[in-house]
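Peer 1: Take this structure first; my questions come after.
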Amino acid sequence: MKPTPLSLAAVAAVLVTFVRAIFFTPLEATQGPAQKILYVHAPAAWVAFMAFGLVGLTSVLYLWLKEDRLDRVAESSAEVGVVFTTVVLITGPLWGKPIWGAYWTWDARLTLTLFLWFVYVAYIVLRGAIDDRAMRARYSAVLGILGSLLIPFIHLSVYLFRTLHPQPILMKPSAPSLPGEMLATLLLAFASFTLLYVALLRARYRYAVERDDAHPAEAYDA
């Protein structure tokens with residue numbers, strides 16, 4: 001597929017975010033350069049949760065309306081969400097090693113995030129294992145809904161359990177706890193990663209439409 005204005009804008013926004021984070025955002029006093037992984041890790045987690053939340057929403061609507069476009073959106077968002085969750089699971093240990101002294105601990109949030117990744121990898125595998133479109137869409141919708149129910153537990157895990165993972169910086173009851181320059185960079189990262197998600201979702205959805213048009217099969221509502 002040819003690059004679209006949206007995809008080019010998304011890539012440019014992410015590059016601007018990286019340049020600002022690396023060269024123009026001050027170091028955190030105690031964590032040093034390792035803290036700058038925040039500007040990838042946190043927005044990637046936000047996008048992953050948003051992507052899987054959309055899977056859950058469109059899956060509920062699909063079971064109600066039996067509209068094939070909703071199934072395609074869920075499928076596309078799940079795949080993009082797995083990509084961003086993979087980024088989360090890579091950057092987290094890279095940040096944790098210099099701060100915690102270990103790449104991985106079986107911390108509640110880390111473990112639940114890994115489980116979420118496995119659920120949606122299973123979602124993708126399930127879609128590839130069922131040929132009948134209607135059955136594939138129904139089974140996938142159920143799994144997509146169940147997986148999305150993990151998201152609030154992952155967010156609240158730092159409050160519900162004893163955990164090494166720091167509490168949220170932005171999505172917390174009190175005000176954000178970052179100095180102004182760092183907060184501006186983090187907000188830019190959230191915006192640019194969200195734009196990238198939208199661009200990837202649209203591209204993946206277009207692929208799904210072209211694939212289904214090229215290989216027509218049984219109707220979804222068969």
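Peer 1: So residue 1 ticks every box in (1) surrounded by 11 or more Cβ atoms within 10 Å (Cβ to Cβ); (2) over 29 Å from residue 102 (Cβ atoms); (3) at pLDDT below 95 but one. Which box is left unticked?
Peer 2: With respect to (1) surrounded by 11 or more Cβ atoms within 10 Å (Cβ to Cβ); (2) over 29 Å from residue 102 (Cβ atoms); (3) at pLDDT below 95, residue 1 is out only on (1).
Peer 1: Related question: Can we say residue 64 is in a helix (DSSP H, G or I) and closer than 30 Å to residue 25 by Cβ?
Peer 2: no
Peer 1: Let me ask something additional. So in the range 103-114, with the set limited to residues that are assigned to a helix (DSSP H, G or I) and either out of contact with any His (no Cβ under 8 Å at 6 or more places or on another chain) or charged (D, E, K, R) (or both), which one is least open to solvent (accessible area, probe 1.4 Å)?
Peer 2: My answer is 113.
Peer 1: Follow-up question, since we're still on this one. Give me the residue from the range 165-222 that is surrounded by 16 or more Cβ atoms within 10 Å (Cβ to Cβ) and not in a helix (DSSP H, G or I) and, out of that set, modelled with the highest pLDDT.
Peer 2: 178
Peer 1: Another one. Would you say residue 92 is under 23 Å from residue 196 (Cβ atoms) and in a helix (DSSP H, G or I)?
Peer 2: yes
Peer 1: If I ask for residues that are of a type in the set (Phe, Trp, Tyr), open to solvent by less than 70 Å² (accessible area, probe 1.4 Å) and more than 13 Å from the chain's Cα centre (by Cα), which ones from the range 120-159 would you list?
Peer 2: Answer for the range 120-159, where residues must be of a type in the set (Phe, Trp, Tyr), open to solvent by less than 70 Å² (accessible area, probe 1.4 Å) and more than 13 Å from the chain's Cα centre (by Cα): just 123.
Peer 1: If you check 117, 100, which single one turns out to be out of contact with any helix residue (DSSP H, G or I) (no Cβ under 8 Å at 6 or more places or on another chain), open to solvent by 50 Å² or more (accessible area, probe 1.4 Å), farther than 20 Å from residue 68 by Cα and of a type outside the set (Lys, Arg)?
Peer 2: Just a single option satisfies the conditions, and that option is 100.
The values are calculated or read from the model by the stated rules, or taken from the named source; none is laboratory data. On a predicted model such as this, the values are computed, not experimentally measured, just so you know. Here Cβ is always computed from backbone atoms with ideal geometry, including for glycine, and neighbour counts include all displayed protein chains. SASA here: full protein model, heavy atoms, side chains in, ligands and nucleic acids out. Shrake-Rupley method; radii C 1.70, N 1.55, O 1.52, S 1.80 Å.
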